[in-house]
Amino acid sequence: MTVWDRPEPPTRPVLLDRERIVAAAIALADEGGLEAVSVRKVAARLDAGPMRLYRYISTKEELFDLMVDEVQAEILPEGQPVDWREALRVLAQRTRQAALRHEWLADLLGGRPTLGPNGLAVAEATLAAFDARTDVDTVMRAVETVSAYFIGAIRREIANLRAERTTGLSKHDWQRAHGPHVSTMLATGRFPALAKAVHDGTDVDAETSFETGLDWVLDAVATRLTRPPM
């Protein structure tokens, strides 16, 4: 039985429910990451005994599932996308936006899907945008392909943001600090392709990089979806 299937116990003597527990856990994670979340810390924030929380959740993993599903409500599109391309673009963009608000989400993306009501609603809105005549296996591979792209891109972006906070160096500060070493290595002539990328490549911001990569992946998926059946 999943956490969503189990009935909640009575709230007395301290007003408590899964909604308040999840809200407290998300607040802790927003402040200090997933490592800041524990049943004891959530209970302390709610002024309740830790054992009481175990009447609502069985494990920390269940708590994480509930947290992810709560954030899925932020990812759910405001209206039904008009086609599959818009659906996948909205899914990618809104997931990125949610992860920038809740950086811990990046650590939980890509695993087994959560089965909460919001997560199921996001999946339904995405899949429903595909032409009903499209083979379901093709649809699933399309969703998996785009998801693999944006999950990886989001994790990289969040990792860079964390590195900036940890080191105190912005991207450009880091590049300047390591510039002499890179220049020395490129001057050896051993890395001509890398040298061309460094000297001739255009530096773009994270959002531009994300949107460009997303367009390329969607174009590739479109080619597969429009290919005539064998």
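The values are calculated or read from the model by the stated rules, or taken from the named source; none is laboratory data. All values reported here derive from a predicted model rather than from experimental measurement. Backbone-built Cβ (ideal geometry, glycine too); neighbour counts: all protein chains shown.
So which pairs qualify, if the first residue must be in the range 99-110 and farther than 12 Å from Val71 by Cα, the second must be of a type outside the set (A, V, I, L, M, F, W, C), the Cβ gap must be under 9 Å, and the two must be at least 6 apart or on different chains?
Close Cβ pairs satisfying both conditions: Asp107/Gly33; Asp107/Arg155; Gly110/Ser147; Gly110/Gly152; Gly110/Arg155.
What pairs can you find where one residue is in the range 34-48 and closer than 18 Å to Asp65 by Cβ and free of Cβ contacts under 8 Å to residues at least 12 places away in the same chain, the other is of a type in the set (A, V, I, L, M) and surrounded by 14 or more Cβ atoms within 10 Å (Cβ to Cβ), and their Cβ atoms are less than 6 Å apart, with a gap of 6+ or different chains?
From residues that are closer than 18 Å to Asp65 by Cβ and free of Cβ contacts under 8 Å to residues at least 12 places away in the same chain, the pairs are Ala36/Leu28.
Taking into account only those residues within the range 174-195 that are part of a helix (DSSP H, G or I) and among the hydroxyl-bearing types (Ser, Thr, Tyr), which is nearest to the chain's Cα centre (by Cα)?
This residue is Ser183.
Can you confirm whether Arg112 is over 19 Å from Leu214 (Cβ atoms), among the basic types (Lys, Arg) and surrounded by fewer than 20 Cβ atoms within 10 Å (Cβ to Cβ)?
yes
Looking for something of a type outside the set (Lys, Arg), out of contact with any helix residue (DSSP H, G or I) (no Cβ under 8 Å at 6 or more places or on another chain), over 18 Å from Gln97 (Cβ atoms) and in a helix (DSSP H, G or I) - is there at least one such residue anywhere in the range 201-213?
Within the range 201-213 (the criterion being of a type outside the set (Lys, Arg), out of contact with any helix residue (DSSP H, G or I) (no Cβ under 8 Å at 6 or more places or on another chain), over 18 Å from Gln97 (Cβ atoms) and in a helix (DSSP H, G or I)), the answer is no, since none of the residues qualifies.
Would you call Phe150 at pLDDT 90 or above and assigned to a loop (DSSP other than H, G, I, E, B)?
Considered against the rule, which asks whether it is at pLDDT 90 or above and assigned to a loop (DSSP other than H, G, I, E, B), Phe150 comes out as no.
Would you check which residues across the range 30-81 are of a type in the set (Ser, Thr, Tyr) and either in the same structural domain as Thr126 (by TED's automatic domain parsing) or farther than 22 Å from Arg162 by Cβ (or both) and list them?
The answer is Tyr54, Tyr56, Ser58, Thr59.
Looking for whichever is farther than 14 Å from Val71 by Cβ, modelled with pLDDT under 95 and in a helix (DSSP H, G or I) here; the options are Arg162, Arg133, Arg141, Arg156. Which one fits?
So the residue among Arg162, Arg133, Arg141, Arg156 that is farther than 14 Å from Val71 by Cβ, modelled with pLDDT under 95 and in a helix (DSSP H, G or I) is Arg162.
Of the conditions (1) surrounded by fewer than 14 Cβ atoms within 10 Å (Cβ to Cβ); (2) farther than 29 Å from Gly33 by Cα, Pro117 satisfies every one except a single condition; which number is it?
So the condition that Pro117 fails would be (2).
So, in the range 129-143, of the ones that are aliphatic (A, V, I, L, M) and out of contact with any helix residue (DSSP H, G or I) (no Cβ under 8 Å at 6 or more places or on another chain), which residue ends up nearest to Leu91 (Cα to Cα)?
Met140
How many of the residues making up the range 159-209 are within 30 Å of Leu109 (Cα to Cα) and aliphatic (A, V, I, L, M)?
Within the range 159-209, residues that are within 30 Å of Leu109 (Cα to Cα) and aliphatic (A, V, I, L, M) number 6.
Every residue in the range 166-186 that is under 28 Å from Gly33 (Cα atoms) and either touching a residue at least 12 places away in the same chain (Cβ under 8 Å) or hydroxyl-bearing (Ser, Thr, Tyr) (or both), please.
Scanning the range 166-186 gives Thr166, Thr167, Ser170.
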